[in-house]
Amino acid sequence: MESEQLISIWDKYEQIAMHFNGLLIHLRTQALGAVATVVTAAGFLLTRSPNEPWWAVFAVSLLLLLAWCTLWMIDVCYYSRLLLGAVNALVKIEKQSGGLLELSTQVQKLFGVPREDATRLNWQIYVFYLPVALFLLCATGVSFCQAAHIG
């Protein structure tokens with residue numbers, strides 16, 4: 001394959017990888033912002049009327065937990081895999097270029113992932129989602145216990 005054609009294909013693949021990377025960044029940051037906003041609103045509810053809103057806090061916590069788990073599934077089972085596939089394709093093209101193209105290859109050397117044959121995601125993606133999920137699980141449990149005790 002000619003180097004101009006290889007560079008053109010590489011550029012298109014790079015744009016695809018950047019698109020998926022941008023989608024993941026937006027998905028994760030907006031999800032964190034949404035959780036923070038709703039948790040703040042739930043905290044405000046508690047300070048305004050400490051005896052009544054526990055069922056509302058429970059419902060909001062449960063919905064947030066379900067939404068957070070859904071986002072995790074969309075991220076892990078769809079977008080991250082698309083990004084991984086795009087990066088793997090880039091690395092393959094870079095190997096064919098004989099050293100002419102090596103951006104993804106250099107990033108791969110620095111971070112060690114993803115390998116060209118990688119099919120599993122990094123542990124860091126789980127570390128991103130797990131603390132929020134645990135917090136929401138605790139909030140759901142505490143608010144349920146409070147609501148059942150008061151009600």
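Show me 74-82, 136-144 ranked by packing, highest mean number of other Cβ atoms within 10 Å first.
Answer by packing, highest mean first, reads 136-144, 74-82.
Cβ neighbours within 10 Å, averaged per peptide: list 14-24, 53-63 in order, most packed at the top.
Final packing ranking: 53-63, 14-24.
Read-outs throughout are calculated quantities, based only on the coordinates presented, and are distinct from any laboratory measurement. The shown structure was predicted, so the numbers you read here are calculated from the model rather than taken from an experiment. With ideal geometry, Cβ positions are generated from the backbone for all residues, glycine too; neighbour counts draw on all protein chains shown.
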